[in-house]
1. By per-residue mean of other Cβ atoms within 10 Å, what is the highest-first order of 170-179, 220-229, 260-269, 291-300?
2. Mind checking the full-extension length gain between Ser116 and Gln186? Use 0.36 nm per residue of separation minus the Cα-Cα distance, one decimal, nm.
3. Compute and list, largest first, the equivalent-ellipsoid semi-axes of the range 129-221 from the alpha carbon gyration tensor, each √(5λ) rounded to a whole angstrom.
4. I need the calculated FRET efficiency for the pair Asn132 and Met203, taking r as the beta carbon distance and R₀ as 25 Å, to the nearest 0.05.
5. Quick one: ranking Lys185, Lys304 by accessible area, 1.4 Å probe, largest first, what do you get?
6. Checking the table Lys40/Lys134; Lys56/Lys137; Lys119/Lys304; Lys137/Lys303; Lys40/Lys137; Lys118/Lys304 against a 22 Å threshold on Cα-Cα, which pairs fail?
7. Using a Förster radius of 25 Å, what is the FRET efficiency between Leu24 and Phe233 based on their Cβ-Cβ separation? Nearest 0.05, please.
8. Considering the Cα trace of the chain, what is its radius of gyration and what is Dmax, both in angstroms?
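The values are calculated or read from the model by the stated rules, or taken from the named source; none is laboratory data. Bear in mind that the values here come from a model prediction, so they are computed numbers and not experimental data. Heads up, the Cβs are rebuilt from the backbone with ideal geometry, glycines too, and the neighbour counts pull from every protein chain shown. The area values use the complete protein model at the heavy-atom level, side chains included, leaving out ligands, DNA and RNA. Shrake-Rupley method; radii C 1.70, N 1.55, O 1.52, S 1.80 Å.
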Amino acid sequence: MTKKVSKATPVSIILNIILIINALIVLYPVLFTVSSSLTKSNSLAATSVIPFTDQKDISYTEDCYKCDGRGDVVTTEKGRYKDDDGKTHKYSTKKIIECPVCEGTGSITKLKTKFSFKKPSLYQFRRLLTDNDKLVKGETNVHGTNYKKWYFNTLKIAVLNTIITVFVCTLAGYIFSRFQFTGRKQLLSGMMILQMFPSFIGMVATYVILWKFNALNTLWGLVLVYSAGSIPFNSQLMKGYFDTMSKDIAEAAYIDGASPMVAFVRVILPSVKPQIVFLGLTSFTGPWMDYIFPRMVLRSDDKKTLAVGLYEMINGRSNDNFTMFAAGAILVAVPFAILFMAGQKTLLTSLAGTSGKE
(Lines give C-alpha, C1' and ligand atoms only; values in the text may rest on other atoms or scores of the structure.)
Protein backbone atom coordinates (compact mmCIF):
# COMPACT_ATOMS: atom_id res chain seq x y z
CA MET A 1 0.00 0.00 0.00
CA THR A 2 1.50 3.28 -1.10
CA LYS A 3 1.29 6.30 1.08
CA LYS A 4 0.07 9.41 -0.62
CA VAL A 5 1.82 12.65 0.18
CA SER A 6 -0.10 15.82 -0.53
CA LYS A 7 1.76 18.51 -2.39
CA ALA A 8 2.24 21.87 -0.75
CA THR A 9 0.16 24.56 -2.39
CA PRO A 10 1.39 28.12 -2.87
CA VAL A 11 -1.16 29.32 -0.34
CA SER A 12 0.10 26.92 2.35
CA ILE A 13 3.70 27.92 1.66
CA ILE A 14 2.83 31.62 2.00
CA LEU A 15 0.91 30.98 5.23
CA ASN A 16 3.84 29.02 6.68
CA ILE A 17 6.24 31.82 5.79
CA ILE A 18 3.93 34.36 7.45
CA LEU A 19 3.73 32.13 10.53
CA ILE A 20 7.51 31.89 10.75
CA ILE A 21 7.89 35.66 10.37
CA ASN A 22 5.29 36.28 13.10
CA ALA A 23 7.07 33.82 15.39
CA LEU A 24 10.36 35.63 14.88
CA ILE A 25 8.77 39.03 15.46
CA VAL A 26 7.24 37.82 18.73
CA LEU A 27 10.19 35.76 19.99
CA TYR A 28 13.01 38.18 19.25
CA PRO A 29 11.86 40.94 21.67
CA VAL A 30 11.34 38.30 24.37
CA LEU A 31 14.80 36.78 23.87
CA PHE A 32 16.38 40.25 23.68
CA THR A 33 14.72 41.28 26.96
CA VAL A 34 15.82 38.10 28.72
CA SER A 35 19.36 38.51 27.39
CA SER A 36 19.50 42.17 28.47
CA SER A 37 18.40 41.28 31.99
CA LEU A 38 21.34 38.88 32.41
CA THR A 39 24.03 41.53 32.15
CA LYS A 40 25.65 43.61 34.87
CA SER A 41 25.94 46.82 32.89
CA ASN A 42 23.06 49.30 33.19
CA SER A 43 23.58 50.87 29.79
CA LEU A 44 21.59 49.68 26.83
CA ALA A 45 24.67 50.21 24.67
CA ALA A 46 26.29 47.20 26.35
CA THR A 47 23.64 44.84 25.02
CA SER A 48 24.07 42.89 21.81
CA VAL A 49 21.67 42.74 18.90
CA ILE A 50 22.03 38.95 19.03
CA PRO A 51 20.51 37.66 22.29
CA PHE A 52 22.74 35.91 24.84
CA THR A 53 25.96 37.20 23.25
CA ASP A 54 28.41 39.96 24.00
CA GLN A 55 29.10 42.37 21.17
CA LYS A 56 32.50 44.06 20.88
CA ASP A 57 33.93 46.34 18.21
CA ILE A 58 37.56 45.43 17.49
CA SER A 59 39.84 47.77 15.55
CA TYR A 60 42.41 46.48 13.04
CA THR A 61 44.63 48.02 10.35
CA GLU A 62 45.09 47.10 6.73
CA ASP A 63 46.81 48.57 3.69
CA CYS A 64 45.15 51.60 2.27
CA TYR A 65 43.03 50.76 -0.73
CA LYS A 66 43.94 54.05 -2.41
CA CYS A 67 47.74 53.88 -2.33
CA ASP A 68 48.22 50.11 -1.73
CA GLY A 69 50.23 50.85 1.41
CA ARG A 70 52.75 53.24 -0.20
CA GLY A 71 51.47 56.38 1.48
CA ASP A 72 51.47 58.44 -1.69
CA VAL A 73 49.58 58.45 -4.96
CA VAL A 74 50.35 59.65 -8.46
CA THR A 75 47.99 62.24 -9.80
CA THR A 76 47.77 63.86 -13.20
CA GLU A 77 47.23 67.58 -13.36
CA LYS A 78 45.63 68.72 -16.60
CA GLY A 79 45.18 72.24 -17.86
CA ARG A 80 45.41 74.70 -20.77
CA TYR A 81 47.82 77.55 -21.57
CA LYS A 82 48.25 80.16 -24.33
CA ASP A 83 51.51 80.73 -26.19
CA ASP A 84 52.84 84.03 -27.48
CA ASP A 85 50.79 83.71 -30.67
CA GLY A 86 47.57 83.35 -28.65
CA LYS A 87 47.06 79.68 -29.40
CA THR A 88 45.65 77.40 -26.67
CA HIS A 89 47.49 74.21 -25.84
CA LYS A 90 46.67 71.33 -23.44
CA TYR A 91 49.13 69.96 -20.94
CA SER A 92 49.24 67.22 -18.33
CA THR A 93 51.71 66.84 -15.49
CA LYS A 94 52.16 63.87 -13.19
CA LYS A 95 52.73 64.60 -9.51
CA ILE A 96 53.29 62.44 -6.44
CA ILE A 97 51.24 63.64 -3.48
CA GLU A 98 50.32 62.37 -0.04
CA CYS A 99 47.47 59.88 -0.05
CA PRO A 100 44.29 61.72 0.99
CA VAL A 101 42.72 58.58 2.48
CA CYS A 102 45.44 57.35 4.83
CA GLU A 103 47.17 60.78 5.10
CA GLY A 104 50.52 59.30 4.12
CA THR A 105 50.60 56.46 6.67
CA GLY A 106 49.91 53.72 4.13
CA SER A 107 47.34 52.00 6.37
CA ILE A 108 43.78 52.62 7.51
CA THR A 109 41.96 51.57 10.67
CA LYS A 110 38.71 49.62 10.47
CA LEU A 111 36.26 48.18 12.97
CA LYS A 112 34.75 44.72 12.99
CA THR A 113 32.09 43.35 15.30
CA LYS A 114 32.88 40.24 17.30
CA PHE A 115 30.24 38.17 19.08
CA SER A 116 30.90 35.82 21.98
CA PHE A 117 28.63 33.90 24.33
CA LYS A 118 27.58 35.99 27.31
CA LYS A 119 28.35 34.96 30.86
CA PRO A 120 25.00 35.43 32.60
CA SER A 121 24.76 37.63 35.68
CA LEU A 122 21.91 37.96 38.17
CA TYR A 123 23.07 41.38 39.31
CA GLN A 124 20.01 43.21 37.98
CA PHE A 125 17.63 40.79 39.70
CA ARG A 126 19.53 41.11 42.99
CA ARG A 127 19.32 44.88 42.74
CA LEU A 128 15.58 44.77 42.03
CA LEU A 129 14.81 42.43 44.93
CA THR A 130 16.97 44.34 47.44
CA ASP A 131 15.18 46.90 49.60
CA ASN A 132 15.72 50.55 48.85
CA ASP A 133 17.47 51.22 52.18
CA LYS A 134 19.94 48.34 51.84
CA LEU A 135 23.07 47.80 49.78
CA VAL A 136 23.10 45.21 47.02
CA LYS A 137 25.00 42.10 48.08
CA GLY A 138 28.58 42.31 46.88
CA GLU A 139 28.42 46.07 46.25
CA THR A 140 29.60 48.93 48.42
CA ASN A 141 27.68 51.92 47.05
CA VAL A 142 24.69 50.50 45.15
CA HIS A 143 21.30 50.50 46.85
CA GLY A 144 18.29 48.43 45.96
CA THR A 145 14.85 49.53 44.80
CA ASN A 146 11.24 49.41 45.95
CA TYR A 147 10.45 46.84 43.28
CA LYS A 148 9.11 44.29 45.78
CA LYS A 149 6.66 46.87 47.17
CA TRP A 150 5.56 47.82 43.66
CA TYR A 151 5.09 44.15 42.83
CA PHE A 152 2.95 43.37 45.89
CA ASN A 153 0.95 46.58 45.43
CA THR A 154 0.08 45.58 41.88
CA LEU A 155 -0.64 42.02 42.97
CA LYS A 156 -3.05 43.22 45.66
CA ILE A 157 -4.89 45.47 43.22
CA ALA A 158 -5.14 42.75 40.57
CA VAL A 159 -6.33 40.04 42.99
CA LEU A 160 -8.93 42.26 44.70
CA ASN A 161 -10.17 43.54 41.35
CA THR A 162 -10.50 39.95 40.10
CA ILE A 163 -12.46 38.80 43.16
CA ILE A 164 -14.85 41.76 43.14
CA THR A 165 -15.37 41.72 39.37
CA VAL A 166 -16.01 37.96 39.16
CA PHE A 167 -18.40 37.99 42.11
CA VAL A 168 -20.42 41.03 41.09
CA CYS A 169 -20.50 40.44 37.34
CA THR A 170 -21.39 36.75 37.63
CA LEU A 171 -24.34 37.53 39.89
CA ALA A 172 -25.42 40.49 37.77
CA GLY A 173 -25.18 38.50 34.55
CA TYR A 174 -27.23 35.62 35.98
CA ILE A 175 -29.91 37.97 37.36
CA PHE A 176 -30.24 39.86 34.07
CA SER A 177 -30.40 36.60 32.13
CA ARG A 178 -32.87 34.60 34.24
CA PHE A 179 -35.10 37.08 36.07
CA GLN A 180 -37.60 39.72 34.98
CA PHE A 181 -37.92 42.80 37.19
CA THR A 182 -38.80 46.46 36.95
CA GLY A 183 -36.10 48.54 35.29
CA ARG A 184 -34.29 45.56 33.76
CA LYS A 185 -34.27 46.91 30.22
CA GLN A 186 -33.33 50.38 31.39
CA LEU A 187 -30.35 49.02 33.34
CA LEU A 188 -29.17 46.97 30.37
CA SER A 189 -29.51 49.97 28.09
CA GLY A 190 -27.67 52.15 30.60
CA MET A 191 -24.75 49.70 30.78
CA MET A 192 -24.66 49.57 27.00
CA ILE A 193 -24.51 53.36 26.79
CA LEU A 194 -21.75 53.55 29.40
CA GLN A 195 -19.56 51.39 27.20
CA MET A 196 -19.80 53.94 24.39
CA PHE A 197 -17.64 56.48 26.23
CA PRO A 198 -13.90 55.99 26.69
CA SER A 199 -12.55 55.92 30.22
CA PHE A 200 -10.41 59.03 29.58
CA ILE A 201 -13.53 61.19 29.61
CA GLY A 202 -14.14 60.52 33.30
CA MET A 203 -10.56 60.69 34.57
CA VAL A 204 -10.84 64.22 35.95
CA ALA A 205 -14.19 63.46 37.60
CA THR A 206 -12.79 60.23 39.04
CA TYR A 207 -9.81 62.13 40.41
CA VAL A 208 -12.10 64.65 42.13
CA ILE A 209 -14.24 61.87 43.64
CA LEU A 210 -11.19 60.09 45.03
CA TRP A 211 -9.92 63.39 46.37
CA LYS A 212 -13.19 64.06 48.21
CA PHE A 213 -13.15 60.55 49.72
CA ASN A 214 -9.47 60.84 50.73
CA ALA A 215 -8.67 57.94 48.41
CA LEU A 216 -5.77 59.55 46.58
CA ASN A 217 -2.46 57.76 46.97
CA THR A 218 -4.28 54.64 48.22
CA LEU A 219 -4.53 51.17 46.74
CA TRP A 220 -8.19 50.69 47.64
CA GLY A 221 -9.05 53.74 45.57
CA LEU A 222 -7.57 52.08 42.49
CA VAL A 223 -9.39 48.82 43.28
CA LEU A 224 -12.68 50.72 43.56
CA VAL A 225 -12.20 52.46 40.21
CA TYR A 226 -11.06 49.32 38.35
CA SER A 227 -13.82 47.08 39.69
CA ALA A 228 -16.58 49.66 39.20
CA GLY A 229 -15.41 50.49 35.70
CA SER A 230 -15.43 46.84 34.60
CA ILE A 231 -18.98 46.04 35.76
CA PRO A 232 -20.96 47.22 32.68
CA PHE A 233 -19.02 45.32 30.04
CA ASN A 234 -18.37 42.16 32.08
CA SER A 235 -21.98 41.95 33.25
CA GLN A 236 -23.11 42.06 29.64
CA LEU A 237 -20.49 39.42 28.82
CA MET A 238 -21.73 37.05 31.52
CA LYS A 239 -25.37 37.68 30.62
CA GLY A 240 -24.68 36.69 27.02
CA TYR A 241 -23.04 33.48 28.20
CA PHE A 242 -25.91 32.62 30.57
CA ASP A 243 -28.37 33.22 27.72
CA THR A 244 -26.76 30.38 25.74
CA MET A 245 -27.29 27.88 28.57
CA SER A 246 -30.36 25.69 28.82
CA LYS A 247 -32.82 26.60 31.58
CA ASP A 248 -33.63 22.93 32.09
CA ILE A 249 -30.53 22.51 34.27
CA ALA A 250 -31.75 24.95 36.92
CA GLU A 251 -35.35 23.74 36.65
CA ALA A 252 -34.24 20.17 37.33
CA ALA A 253 -32.51 21.38 40.47
CA TYR A 254 -35.69 23.22 41.54
CA ILE A 255 -37.70 20.01 41.15
CA ASP A 256 -35.23 18.22 43.42
CA GLY A 257 -35.89 20.83 46.10
CA ALA A 258 -32.97 23.19 45.60
CA SER A 259 -33.45 26.88 46.23
CA PRO A 260 -32.44 29.42 43.57
CA MET A 261 -29.21 30.20 45.45
CA VAL A 262 -28.32 26.51 45.91
CA ALA A 263 -29.05 25.81 42.24
CA PHE A 264 -26.91 28.75 41.24
CA VAL A 265 -23.93 27.71 43.38
CA ARG A 266 -23.99 23.94 42.83
CA VAL A 267 -25.38 23.63 39.31
CA ILE A 268 -25.01 26.86 37.35
CA LEU A 269 -21.52 27.96 38.43
CA PRO A 270 -19.81 24.65 37.51
CA SER A 271 -21.41 24.89 34.07
CA VAL A 272 -20.04 28.40 33.45
CA LYS A 273 -16.57 27.67 34.81
CA PRO A 274 -14.84 28.35 31.44
CA GLN A 275 -16.36 31.82 31.22
CA ILE A 276 -15.56 32.57 34.86
CA VAL A 277 -11.92 31.62 34.24
CA PHE A 278 -11.85 33.89 31.21
CA LEU A 279 -13.39 36.73 33.21
CA GLY A 280 -10.89 36.18 36.02
CA LEU A 281 -7.90 36.28 33.66
CA THR A 282 -9.03 39.45 31.93
CA SER A 283 -9.83 41.11 35.26
CA PHE A 284 -6.39 40.19 36.59
CA THR A 285 -4.43 41.36 33.57
CA GLY A 286 -6.39 44.60 33.15
CA PRO A 287 -4.89 46.68 35.99
CA TRP A 288 -1.57 44.82 36.05
CA MET A 289 0.26 47.11 33.63
CA ASP A 290 -2.04 50.13 33.57
CA TYR A 291 0.07 53.27 33.73
CA ILE A 292 -1.98 56.43 33.17
CA PHE A 293 -4.47 56.22 36.04
CA PRO A 294 -2.02 54.99 38.75
CA ARG A 295 0.41 57.70 37.64
CA MET A 296 -2.28 60.30 38.27
CA VAL A 297 -3.50 58.93 41.61
CA LEU A 298 -0.39 57.57 43.34
CA ARG A 299 2.30 59.87 44.71
CA SER A 300 4.61 58.19 47.24
CA ASP A 301 7.20 55.71 46.04
CA ASP A 302 6.05 52.88 48.32
CA LYS A 303 2.51 53.08 46.87
CA LYS A 304 3.44 52.91 43.20
CA THR A 305 2.52 50.06 40.91
CA LEU A 306 4.85 48.17 38.60
CA ALA A 307 4.05 50.19 35.50
CA VAL A 308 4.78 53.51 37.21
CA GLY A 309 7.89 52.30 39.01
CA LEU A 310 9.45 50.60 35.98
CA TYR A 311 8.79 53.55 33.72
CA GLU A 312 10.51 55.94 36.12
CA MET A 313 13.64 53.77 35.93
CA ILE A 314 14.20 54.83 32.33
CA ASN A 315 12.38 58.15 32.27
CA GLY A 316 14.54 61.26 32.03
CA ARG A 317 18.08 61.95 30.93
CA SER A 318 19.71 60.74 34.14
CA ASN A 319 17.89 57.39 34.27
CA ASP A 320 19.53 54.75 32.11
CA ASN A 321 18.66 51.55 33.99
CA PHE A 322 17.52 49.81 30.83
CA THR A 323 18.88 46.37 31.72
CA MET A 324 17.31 46.55 35.19
CA PHE A 325 14.05 47.53 33.46
CA ALA A 326 14.39 44.37 31.34
CA ALA A 327 14.88 42.26 34.46
CA GLY A 328 11.77 43.79 36.02
CA ALA A 329 9.78 43.13 32.84
CA ILE A 330 10.74 39.45 32.99
CA LEU A 331 9.43 39.14 36.55
CA VAL A 332 6.22 40.91 35.53
CA ALA A 333 5.47 38.09 33.08
CA VAL A 334 5.67 35.35 35.76
CA PRO A 335 2.06 35.61 37.07
CA PHE A 336 0.69 35.79 33.52
CA ALA A 337 2.55 32.62 32.52
CA ILE A 338 1.39 30.73 35.61
CA LEU A 339 -2.26 31.76 35.23
CA PHE A 340 -2.47 31.05 31.52
CA MET A 341 -0.77 27.65 31.88
CA ALA A 342 -3.05 26.71 34.80
CA GLY A 343 -6.23 27.75 33.00
CA GLN A 344 -5.23 26.93 29.44
CA LYS A 345 -7.70 24.08 28.93
CA THR A 346 -10.61 25.95 30.48
CA LEU A 347 -9.72 29.14 28.60
CA LEU A 348 -9.70 27.35 25.26
CA THR A 349 -13.11 25.87 26.07
CA SER A 350 -14.43 29.34 26.81
CA LEU A 351 -13.01 30.81 23.61
CA ALA A 352 -14.42 27.93 21.57
CA GLY A 353 -17.82 28.64 23.10
CA THR A 354 -18.85 24.99 23.38
CA SER A 355 -19.42 24.63 27.12
CA GLY A 356 -22.95 24.77 28.45
CA LYS A 357 -24.65 25.18 25.08
CA GLU A 358 -27.75 23.40 23.88
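1. On the way: 170-179: 18.1, 220-229: 20.2, 260-269: 14.3, 291-300: 16.3.
Output ranking for 170-179, 220-229, 260-269, 291-300: 220-229, 170-179, 291-300, 260-269.
2. Numbers: separation 70, 0.36 × 70 = 25.20 nm, distance 6.65 nm.
Computed gain between Ser116 and Gln186 is 18.5 nm.
3. Details: eigenvalues 362, 63, 23 Å².
The three semi-axes for the range 129-221 are 43, 18, 11 Å.
4. On the way: r = 30 Å, r/R0 = 1.18.
After rounding, the FRET efficiency stands at 0.25.
5. On the way: Lys185 150, Lys304 20 Å².
Putting Lys185, Lys304 in descending order of accessible area: Lys185, Lys304.
6. Working: Lys40/Lys134 19 Å; Lys56/Lys137 28 Å; Lys119/Lys304 33 Å; Lys137/Lys303 25 Å; Lys40/Lys137 13 Å; Lys118/Lys304 33 Å.
The pairs that break the limit, which is 22 Å between Cα atoms, are Lys56/Lys137; Lys119/Lys304; Lys137/Lys303; Lys118/Lys304.
7. Details: r = 34 Å, r/R0 = 1.37.
Efficiency computed from Cβ-Cβ geometry: 0.15.
8. Radius of gyration, then largest Cα-Cα span, for the chain: 33.9, 132 Å.
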